[in-house]
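Okay, structure first, notes after.
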Protein chains: 4
Amino acid sequence: MSYFEEGQFALIRYEDKKFLKKLQRGHSLNVRKDVLKFDEVIGKPHGVKIGKFELFPPTLEDIILLGFERRTQIIYPKDAFYIAHKLNLNQRSRVLEFGTGSGALCAVLASVAGEVWTYERSEEFYKTALRNFKRFKIEGNVKFHNEDFLNADVPENYFDAVFVDVREPLPYLKKVHGVLKPGGVVGFLLPTANQVIQLLEALGELFGGTEVLEILQRHYKTLPERFRPEDQMVAHTAYLTFARKLTPS
Amino acid sequence: MSYFEEGQFALIRYEDKKFLKKLQRGHSLNVRKDVLKFDEVIGKPHGVKIGKFELFPPTLEDIILLGFERRTQIIYPKDAFYIAHKLNLNQRSRVLEFGTGSGALCAVLASVAGEVWTYERSEEFYKTALRNFKRFKIEGNVKFHNEDFLNADVPENYFDAVFVDVREPLPYLKKVHGVLKPGGVVGFLLPTANQVIQLLEALGELFGGTEVLEILQRHYKTLPERFRPEDQMVAHTAYLTFARKLTPS
Amino acid sequence: MSYFEEGQFALIRYEDKKFLKKLQRGHSLNVRKDVLKFDEVIGKPHGVKIGKFELFPPTLEDIILLGFERRTQIIYPKDAFYIAHKLNLNQRSRVLEFGTGSGALCAVLASVAGEVWTYERSEEFYKTALRNFKRFKIEGNVKFHNEDFLNADVPENYFDAVFVDVREPLPYLKKVHGVLKPGGVVGFLLPTANQVIQLLEALGELFGGTEVLEILQRHYKTLPERFRPEDQMVAHTAYLTFARKLTPS
Amino acid sequence: MSYFEEGQFALIRYEDKKFLKKLQRGHSLNVRKDVLKFDEVIGKPHGVKIGKFELFPPTLEDIILLGFERRTQIIYPKDAFYIAHKLNLNQRSRVLEFGTGSGALCAVLASVAGEVWTYERSEEFYKTALRNFKRFKIEGNVKFHNEDFLNADVPENYFDAVFVDVREPLPYLKKVHGVLKPGGVVGFLLPTANQVIQLLEALGELFGGTEVLEILQRHYKTLPERFRPEDQMVAHTAYLTFARKLTPS
């Protein structure tokens, strides 16, 4: 059996609300008219229900959505989950991504791949990502770099996959091509149609097998007697573009 | 550098078409007016372009969508990718799924988790999944069982996550609860609203933190001068339901 | 040329904001750091631009979304527009609807059909709809009734179409069938899947040619250099069900 | 009561199939193993059920989707219905559209507006639209012109609304502005993001209050015990852009 210990994080559900809290003695959580004292939680098994509160060990999605400090627009789990697999990662894969941002995609990549290299030129974002990983003890073989990938010293033909999350990806295409293994997969996250159009024009001779897509997530209310979609949804995060390295024969 | 060898599978792209072919000497592929002789491919680097043909090592998604023998409706990659992460899997996780079906979700789970147990009561489906894994040399620590999970001898409190893909999940709920670790995640794939309504009524005291959602994938045409969504899309595969094991304190 | 007159309503756009205001002398509108004095608007042509403010005569959609007093969840224009045509209305058609609610659908029906009868059992809603029509001078041949349609004295085989917007439509089906012309169209607006399932079970022998659908509307940002969908959208208003009256031969 | 007469069109439903047929003596319809003899239909009431066949008078949507001869991609009813109302039409409105194409939008506009002028420069399309209107006896005050709108002799400040369905709308913007009443509504149908981006850049000083949106329609299967969306849907027809005429004060 697994029990909540002092200092651990817990996902706390209360009706339709979610909280991610560090379980510290003497602290508590107030929701509507109810109080949850963390002293009562410590020592209880994972999945315990105390009054209307349900307590679970947080998943990586809970940590990213509720716990990560954000300096940038994060890559949403719906996109990050898809990206990790579309890049064809598994435990033997090496993947490189830039920019790191707040580290949300990096955390998902680290849960799948054998080796993750991540580049971020902003010192502020770089430190935020490091703090997020440290605070939530996210494991995985990740090498953080506070450097523009354009200037980075990276081995050629080394990575199974590369993911690009920068506003202007075009200057990076040649270098991305160089560090990928032949036939390796590259992905791009771009919010606007204009950016995708420019990217499609530029992928040209370097990459083939291009796909562009969006992932949409529609949540439903969970009351069985009134089953229906939620009223609002996220309509757009970004267009995802994937291609594969062409190699001159 | 990586090269195509005889007997390997290649993903072959030709304009908007995709093929997954085993590279056998003397064989060829005819598309429209063009012919690709596999003898010319063997020995060439991954990512080679021969005429209008582009050749890549297949990703797991390519293998599932184009290569898997199907006896059942498969779980689409867009759903499988999301499920694997929503179940909070990583390389230390143990996950159990039933029924195996053609093995599409199982292959994705195997690429992420440390240990996968899968149950399928139909001998025909069980053998199909085994053939699919063998044919495409899918690795990962997977234990296949040709048995109804209801009758299976499985340790209690052992799995980090369970995924349920059977038409009538209700009789399995208690056993699923038993084999999950406290706070562990369970997921369900159900095509109809009626099934979800029944499931939501039944999750009751055993599981909490319930979410129901759909994942939609919208593809775009990749011609940069005419950027627009594809004309048709898959409108529905299934509703995904996720919940977590509640533990009496 | 058409000019804004005192006492008329104007749709006022300011960047991404919209307002519907009655142009009264001495009044003004403050948005961010700008002020629009209505005295300056009166006498100006429709479509005038004053500073960052753009002023137009309001469309019916503007009136419904921004001007209507709401006591109930209104039927959104995206749905109302579709309903009016799916009911196959034109200027010779007779249509009956219940319940009236705040009158949003009624106003759209009145813009298309030759004759509209509407029923609302709540006196409060009935008066709200009347006030909305009077305030915005909505024309059309509409007969308002403050009465439950179940008790109403309505001619048989008289209406080309009927629209039903009540929580529990089943008790009304027989009467709806009676007042429709043979082959006439009936529509239903229902928020939950449970309601639709019950309706589909009940339509049985009375109605045929059943269709169920949702209308989704995805808005885009209008900055040409950053073309992309809005971040959020309405994910669900209601399921729309349409059927046609079967007639025993 | 209304009865099917010889020579009339009937919408015929058979399970999930739909047909639009002219009822001619001696003719019949074969579906799967069943035969419907039209001699048996003539004289029967609208809405009659004969075996598995259900027969209804066709709606305008039935006529457009199943009966119209198409030389061009038609504007789908889901879009046409929305356009007719977004243009703020009613029985006193004057609306102009170009190009006519096969006449699908024109037929919907004619069902709502008081006066419709339509322009089509291709003689082939012009004649197709005329044939469609004649064959299905579509009424409404429509003036067909076989002429490029750019060369047309049209009164200034005359129309409440204009709809533009041509591949390259930019050369027409000034003339559209001229024929619209002050504050009048213009709409555009464009399939690609590139076209919308160019349009947004050009609307500039002439039009304000711009909106861009898509209408999506998701159909459901109507079996009450297995309620779920259809497997496939139309993912994209076109982006709809609406704006209003700005008038120099």
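The values are calculated or read from the model by the stated rules, or taken from the named source; none is laboratory data. If you're wondering where the values come from, they're calculated on a predicted model, not measured in any experiment. So basically every Cβ, Gly included, is an ideal-geometry build from the backbone, and we count neighbours across all protein chains shown.
Spot the failing condition for D:Lys78; the list is (1) within 27 Å of C:Glu214 (Cβ to Cβ); (2) at pLDDT 95 or above, and only one is missed.
In the conditions (1) within 27 Å of C:Glu214 (Cβ to Cβ); (2) at pLDDT 95 or above, D:Lys78 misses (2) alone.
Would you check which residues across region D:41-58 are assigned to a loop (DSSP other than H, G, I, E, B), facing chain C (nearest Cβ under 10 Å) and not hydrophobic (A, V, I, L, M, F, W, C) and list them? Walk me through how you get there before you give the answer.
From region D:41-58, those assigned to a loop (DSSP other than H, G, I, E, B) are D:42-44, D:46-48, D:51-52, D:57-58; that's our starting set.
Within this subset, residues satisfying the condition of being facing chain C (nearest Cβ under 10 Å) are D:43-44, D:46-48, D:57-58.
D:Gly43, D:Lys44, D:His46, D:Gly47, D:Pro57, D:Pro58, listed by residue number.
Pairs, please: C-beta under 8 Å, at least 6 apart or cross-chain, first residue more than 14 Å from B:Ile12 (Cα to Cα) and in region B:25-36, second among the aliphatic types (A, V, I, L, M)?
B:Arg25/B:Ile42
Mind telling me which of the residues C:Glu225, C:Glu214, C:Glu230 ends up being touching a strand residue (DSSP E or B) at 6+ places or on another chain (Cβ under 6 Å) and either within 30 Å of D:Glu201 (Cα to Cα) or of a type in the set (Lys, Arg) (or both)?
On the way: C:Glu225 fails: touching a strand residue (DSSP E or B) at 6+ places or on another chain (Cβ under 6 Å); C:Glu214 fails: either within 30 Å of D:Glu201 (Cα to Cα) or of a type in the set (Lys, Arg) (or both).
The conditions single out C:Glu230.
With (1) touching a residue at least 12 places away in the same chain (Cβ under 8 Å); (2) assigned to a helix (DSSP H, G or I) as the list, and A:Glu225 as the residue in question, which single condition is left unmet?
Of the numbered conditions (1) touching a residue at least 12 places away in the same chain (Cβ under 8 Å); (2) assigned to a helix (DSSP H, G or I), the odd one out for A:Glu225 is (1).
For region A:193-218, enumerate the residues that are surrounded by fewer than 17 Cβ atoms within 10 Å (Cβ to Cβ), modelled with pLDDT of 95 or more and not polar (S, T, N, Q).
A:Glu201, A:Ala202, A:Glu211
Identify the residue in region A:163-191 that is part of a strand (DSSP E or B) and within 16 Å of the chain's Cα centre (by Cα) and, among all such residues, is farthest from the other protein chains (Cβ to nearest Cβ).
Residues of region A:163-191 that are part of a strand (DSSP E or B), as a first pass: A:163-164, A:180-190.
Narrowing further to those that are within 16 Å of the chain's Cα centre (by Cα): A:163-164, A:187-190.
Values: A:Phe163: 14, A:Val164: 17, A:Gly187: 12, A:Phe188: 12, A:Leu189: 12, A:Leu190: 9 Å.
Selected residue: A:Val164.
Can you tell me how many residues within region A:192-210 are at the interface with chain B (Cβ under 7 Å from one of its Cβ atoms) and outside any helix (DSSP H, G or I)?
The total comes to 3.
Please specify each residue of region B:235-249 satisfying the condition of being within 20 Å of the chain's Cα centre (by Cα) and in a loop (DSSP other than H, G, I, E, B).
Across region B:235-249, the qualifying residues are B:Ala235, B:His236, B:Thr237, B:Ala238.
Of everything in region A:117-131 that's among the basic types (Lys, Arg) and in a helix (DSSP H, G or I), which residue is farthest from the other protein chains (Cβ to nearest Cβ)? Before the answer, list the steps.
Here is the first cut: in region A:117-131, the residues among the basic types (Lys, Arg) are A:121, A:127, A:131.
Next, only the ones that are in a helix (DSSP H, G or I) stay: A:127, A:131.
Working: A:Lys127: 25, A:Arg131: 21 Å.
So, considering only residues that are among the basic types (Lys, Arg) and in a helix (DSSP H, G or I), the one farthest from the other protein chains (Cβ to nearest Cβ) is A:Lys127.
Here is a list: A:Glu69, A:Glu61, A:Glu97. Which entry is part of a loop (DSSP other than H, G, I, E, B) and under 14 Å from the mean Cα position of the chain (by Cα)? Before the answer, list the steps.
On the way: A:Glu61 fails: part of a loop (DSSP other than H, G, I, E, B); A:Glu97 fails: part of a loop (DSSP other than H, G, I, E, B).
Going through A:Glu69, A:Glu61, A:Glu97 in turn, the sole match is A:Glu69.
Give the residues of region D:212-232 that are touching a helix residue (DSSP H, G or I) at 6+ places or on another chain (Cβ under 9 Å) and more than 7 Å from every other protein chain (Cβ to nearest Cβ), sorted by residue number.
Selection gives D:Leu223 alone.
Scan region D:24-40 residue by residue and report those that are outside any strand (DSSP E or B) and either over 19 Å from D:Gly7 (Cα atoms) or of a type outside the set (S, T, N, Q) (or both). Steps first, please.
The first filter runs over region D:24-40 and keeps only residues outside any strand (DSSP E or B), leaving D:24-27, D:32-33, D:38-40.
Listed by number, the residues that qualify are D:Arg25, D:Gly26, D:His27, D:Arg32, D:Lys33, D:Phe38, D:Asp39, D:Glu40.
In region B:103-116, which residues are outside any loop (DSSP other than H, G, I, E, B) and surrounded by 23 or more Cβ atoms within 10 Å (Cβ to Cβ)? Spell out the reasoning first.
Of all residues in region B:103-116, those outside any loop (DSSP other than H, G, I, E, B) come to B:104-112, B:115-116.
The answer is B:Ala104, B:Leu105, B:Cys106, B:Ala107, B:Val108, B:Leu109, B:Ala110, B:Ser111, B:Val112, B:Val116.
In region D:193-222, how many residues are touching a residue at least 24 places away in the same chain (Cβ under 8 Å) and among the β-branched types (Val, Ile, Thr)?
Counting residues in region D:193-222 that are touching a residue at least 24 places away in the same chain (Cβ under 8 Å) and among the β-branched types (Val, Ile, Thr) gives 4.
Can you tell me which residue within region C:142-162, out of those that are farther than 29 Å from C:Asn194 by Cα and either assigned to a helix (DSSP H, G or I) or not aromatic (Phe, Trp, Tyr) (or both), is nearest to the other protein chains (Cβ to nearest Cβ)?
Going residue by residue through region C:142-162, those that are farther than 29 Å from C:Asn194 by Cα are C:142-145, C:153-158.
Those left that are additionally either assigned to a helix (DSSP H, G or I) or not aromatic (Phe, Trp, Tyr) (or both): C:142-143, C:145, C:153-157.
Working: C:Val142: 13, C:Lys143: 17, C:His145: 23, C:Asp153: 21, C:Val154: 17, C:Pro155: 13, C:Glu156: 10, C:Asn157: 7 Å.
Looking at residues that are farther than 29 Å from C:Asn194 by Cα and either assigned to a helix (DSSP H, G or I) or not aromatic (Phe, Trp, Tyr) (or both), I get C:Asn157.
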